[in-house]
1. Rounded to whole Å and sorted largest first, list the principal axis extents of the Cα atoms in segment B:328-374.
2. Could you tally the net charge around A:Asp371, taking each other residue with its Cβ under 12 Å from the Cβ of A:Asp371, Lys/Arg +1 and Asp/Glu -1?
3. What is the magnitude of the charge dipole of segment A:205-249 about its Cα centre, with +1 placed on the Cβ of each Lys and Arg, -1 on the Cβ of each Asp and Glu, and no other charges, expressed in debye to the nearest 20?
4. Starting from the alpha-carbon convex hull of segment A:348-405, give the projected area averaged over all orientations, in nm².
5. Summarise the partner chain shielding of B:141-150 as one whole number: the mean count of Cβ atoms from other chains within 10 Å of each residue's Cβ.
6. Rounded to whole Hz and in sequence order, give me ³J(HN,Hα) for segment B:53-58 from the Karplus expression 6.51 cos²θ - 1.76 cosθ + 1.60, θ = phi - 60°, writing x for Gly and Pro.
7. Cα gyration tensor of segment B:24-89, axes a ≥ b ≥ c as square roots of the eigenvalues: rounded (a/c below 1.5), prolate (a/b > b/c) or oblate?
8. Where the label is 7 Å out from Cα toward Cβ, how close does A:Lys227 come to the same position in every other copy, in nm, shortest first?
Protein chains: 2
Amino acid sequence: MSKFAVLGYGVVGSGVVELFYKNKEKIEKKAGDDMDVKYILDIRDFPGNPYESKFVKTIDAIVNDSEISAVAECMGGVEPAFTFTKQCLEKGISVSTSNKELVAAKGDILLKLAKENNCNYFFEASVGGAIPIIRPLHRCLAANSIDGVAGILNGTTNFILTKMIEDGMKFDDALKLAQELGYAEKNPAADIEGHDACRKICIISSLVYGKHVYPDSVYTKGITEIKLEDVQTVNKWGGAIKLIAKVSELENGKILPFVMPMIVPFENLMSHVDDVFNAVMVSGDGIDKTLFYGRGAGKLPTASAVLGDVIESVKHDKTVFSQMWDSSENNEFVEDRKKYEAVMYFRVSANDSVKAIINNCGGNIIDESADGICFVTEKMSFEKSEVVAESIKNSGSEVISIIPVLEI
Amino acid sequence: MSKFAVLGYGVVGSGVVELFYKNKEKIEKKAGDDMDVKYILDIRDFPGNPYESKFVKTIDAIVNDSEISAVAECMGGVEPAFTFTKQCLEKGISVSTSNKELVAAKGDILLKLAKENNCNYFFEASVGGAIPIIRPLHRCLAANSIDGVAGILNGTTNFILTKMIEDGMKFDDALKLAQELGYAEKNPAADIEGHDACRKICIISSLVYGKHVYPDSVYTKGITEIKLEDVQTVNKWGGAIKLIAKVSELENGKILPFVMPMIVPFENLMSHVDDVFNAVMVSGDGIDKTLFYGRGAGKLPTASAVLGDVIESVKHDKTVFSQMWDSSENNEFVEDRKKYEAVMYFRVSANDSVKAIINNCGGNIIDESADGICFVTEKMSFEKSEVVAESIKNSGSEVISIIPVLEI
């Protein structure tokens, strides 16, 4: 009999308990052992809850109980989750987490601690919700040199952009709808400004390139400035604007992670990933391209990923699946996003001299109206695109939008 | 130092050797050990090959060498691969295979043998080429009740259908092009008649539902009868015709696997999976829907999957990841495909009385011309659709096509 504890009884934690008891028989068959939830840690009271007798208010009961072999950490936030996780790992109790904030902040430390204590720190649920991405990246694609990973890693922003594309809604209206439907928080900043996606691409970057990448070293731009006009022009041209979190390895050995709105051409399957769904595309020398798609958030989808990890820790409690990466002293291995090269989409206001500038930078006009001119350039660096933007401004024209086109 | 052997130096086997030496340093880091290919088994001679000294012509040298801890079986076909695999497993040597024919025929026996000998029989490469699907299904989604799995599991037929959809090519011309490009064999029967996809859905069904499913118990229909007219009508209506391999669990406890052309509505991401790419969609009670996409065949993509498995066997050579399923005495747990229920697309020749029949079965006419009438029905069983077809024939009209619409 393997007993485990659930830390935090919010959306994800209660989902873990619900899904476990729903599929208990199948789960035990997979784990090769009887299993049960022994404790649920939450500072709140849940009178009348069917699992009321399992609730505890401190971590001590859990880490001092030798029957506990695994923990599901679904608290969110760095503290006290960090302290609790350390206490568990130090006792050799494997921890499976959905807490992207903690993994992005302290993953290197916790993975090292798990290895030292001959147990596992699993974080499949921290990126892409239900989508298996961490284990496939680490295990199934281990024979590849990974050139890059790009994903739609935030469901809220993808829902908003889908509403803009499909229903012609303006950003503010789409955000309001997302809030009404419970997809966006009252304070939506973490989603719409890209910070949530940033944490996730940090975790992927750390895992793939072996060195802890901190969120504050990653250029992050959200979708608050996306205009309906651009969404529609791009749609006609043959692509969809998506909030893309991306990392790639450069020839100089550095890596280039970022989060920003990009144009995904319709030939790329990610352009068809709509609503709250997430997707991650991986490019490697053996696989060419592989894509993983599913629900990136939500109670049961996230619980599914956490529980998958818990089952693996119970089933193979003698095996350390060291998904370790090194700590990083500085950000020197992270390249400046200005070096990133892409075809650039511009929307500028029309004037007499702007067409000559467009011509000069190999620009192709894709839409022209009284409101302005939209064109796409040859592939160029962000650095170069800023020079182009400057010369357009100097000609007296306004640069309304610059959006890079995704290539993976 | 972990040494492994490669059985078969055809497309996949030579890809395994090539990819291993290309990424040797990264692979060893992942495996946590130095690694090398010690033997390559092939009855043919490869004079001048850079690895000439590693070639052997019998399995004895490999199974009697205590240095060998893992084998990559890339021979294809049931024999002698079955005998060789048994010999390896009996010695406690883990085997990773790309051989779908063998897994579909003898998977239950080989998995049991691996477990008895405390080693692993891995087969990630046997389904979906580069796409991680076996490990995610088995491990990451372990907390789910899986309602069903549906996939585009054959690249050749998907290429042919894509050419019909996008370039208006007829089946015969698209097949010829696929042969010219090396995507289809001279004798293309295994692909276009669905047998290759059938083996793969058998492997998935066995893994997910825990009982060996034999190819001859699975209804299999290929794409040879697909008409360009239907491809185009369906495309206008809002979907793509794809060769779908599918399995689902029914309320009566039986499973229903089959392979046949189906209409995939554009809302389903699989409708956008084109060319030689494969995709697998999994539906479960925790995840809702998850999709895995990538190259389903080819030298390096398949080698990537085989090598991923080899790395895992080397890294965790004390751990048995028993992905076992039971042997099956009979096919009684496999439901007849006539029970399968779907919205059905019909193309029939027009006559005076046919519209009344269409009306009677809740049919919706989606296209009408001198050539015939196309309509979609309400959801009905195949059994019922055959009754409808019969009454249409009795009315003097010809039933040209019946294609079910995929729902997952």
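The values are calculated or read from the model by the stated rules, or taken from the named source; none is laboratory data. What you see is a predicted model, and the numbers here were worked out from it, not measured in a lab. Note that we place each Cβ from the backbone using ideal geometry, even for glycine, and neighbour counts take in every protein chain shown. Just so you know, the surface numbers come from the protein's heavy atoms only, side chains and all, with ligands and any DNA or RNA stripped out. Shrake-Rupley method; radii C 1.70, N 1.55, O 1.52, S 1.80 Å.
1. Computed over segment B:328-374, the largest-to-smallest principal extents equal 52, 20, 16 Å.
2. -3
3. Numbers: 6 positive and 5 negative charges, 22 e Å.
For this selection, approximately 100 debye.
4. Values: hull surface 14.0 nm².
Mean projected area of the Cα convex hull: 3.5 nm².
5. Shielding by partners across B:141-150 averages 6.
6. 5, 8, 6, 10, 10, 10
7. Here segment B:24-89 falls in the oblate category.
8. 5.1
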